[in-house]
Amino acid sequence: MRRIFALFLLPLLFSGCEMNPIGLQLEAGWQAKSIAVWRNMHPDMLALSANGTWLYVSCETRAGVSFPSLAVVNLKTGRRHVLISGLMRADALKFAPDGSLWIGEEFPEGLIWRIADVDKLPPDQTVERLSMYVSYDAIAPYRPAGRFAHEGLTFSADQRFAYLADEDKNGAIYRLELKSRRLDVLDGDYRWREVRDPDNARAAAQQLQAASFNRLEDMETLPDGRIVLAETDAGRVLVLQDHGQHAELTTLLQDERIVHPDNLAWDAKRQLLWITDDSKPSALWAWDGRAATRIALHRKAEITGVLPVGDDIYINLQGSKNVPELTVKLYTSTSSEQAAR
């Protein structure tokens, strides 16, 4: 554990709280800046393009060509636009080893959608969910990844596998071998069992006596190859070590202050695990391997999609209907002073 997590936080993380105009209650030393304002888009997960220019935002809206599913912000110019509309409750969002962007739908019949060359995708593309018609060939459902409520998604450190989690009261953990496209589910003995019909992954999981979890949310890959998972209704963060034919699962963190752990992100620069808490109020926590420190709190909006980028931390503020929602950059006084030099 000590080899992976730092044994300390920056001193400013432990200071008192202060408020800012966008409603975030922040630890002293931290500041916030809104970089995008959305309305009725329910911004959720975040992903950054390889060149560091495009910040992608999944939108947890219902299916329909008038409802945004994927938006993007140009971090250099500040311009933003909708890329895709029509998916159902778009949630999971990660870049795959081949450079494609994977976006998952969080509902029982949800699919993973694969977008090739997303940085070149023209704005305002549509998916007609019932007919499966897409307006642009680079957007396609990726059926080997299974049909279930996709929120948890990450890729192995060796780029061989995708790990996927079913966000259900009795959800399972899946592993997809990218080369062979073989989908496995983790059974009650923590052994991988093949799912022969990915379109019926939930039924197969039940038949194979899959290990059951209480609403798995986000997943993240640590530098040592372990996979962390948020089991939100159990109030804990799990860690999975894959040994090939079987896996080992243990509890990494269970803190009574973090009621519903949701989104996870590893911060290589600070050696921290960032955790959002989908409670009311919603919070953002930083965990150093020994203790969790609350960095931000919002009493009306849900903090979603945490993503460290260099000195900055990006989050979304997902609100209620007809209330402006935001993508926000968090930064420290120290980092802003260094950038100005």
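Every read-out reported here was derived from the displayed coordinates using simple, explicitly stated rules and does not represent laboratory data. Keep in mind that this is a model prediction, so the values were computed, not measured. Cβ sites come from the backbone with ideal geometry, for glycine too, and all protein chains shown count toward neighbours.
Observations, loosely collected:
- In this structure, Lys33 and Gln271 have a Cβ-Cβ separation that, at R0 = 30 Å, corresponds to a calculated FRET efficiency of about 0.80.
- Short-range pairs are left out: with C-alpha atoms under 8 Å and at least six residues apart, the relative contact order of the chain is 16 percent.
- Among [x] -0.55, -1.20; [y] -0.52, -1.08; [z] -0.45, -1.13, the entry derived from the coordinates for log10 I(q)/I(0) by the Debye sum over Cα atoms at q = 0.09, 0.14 Å⁻¹: [z]
- Ranked Thr293, Thr304, criterion: other C-beta atoms within 10 Å, fewest first: Thr293, Thr304
- Length released on extending from Asp199 to Glu177, taking residue separation times 0.36 nm less the Cα-Cα span: 6.3 nm
- Length gained when the stretch Tyr133-Glu109 is fully extended (0.36 nm per residue, less Cα-Cα span): 7.0 nm
- Excluding exposed DSSP-loop GluC sites (Glu not before Pro) (at most 15 other C-beta within 10 Å), longest clean stretch of the chain: 110-255
- Those trypsin sites (Lys or Arg not before Pro) in segment 46-139 that DSSP places in a loop and that have at most 12 other beta carbons within 10 Å: Lys76, Arg79
- Sorted ascending by nearby beta carbons within 10 Å, beginning with the fewest, His150, His243 become His243, His150.
- Long pairs among Lys120/Lys269; Lys33/Lys269; Lys94/Lys329; Lys33/Lys120; Lys76/Lys300; Lys120/Lys329, criterion Cα-Cα beyond 23 Å: Lys120/Lys269; Lys33/Lys120; Lys76/Lys300; Lys120/Lys329
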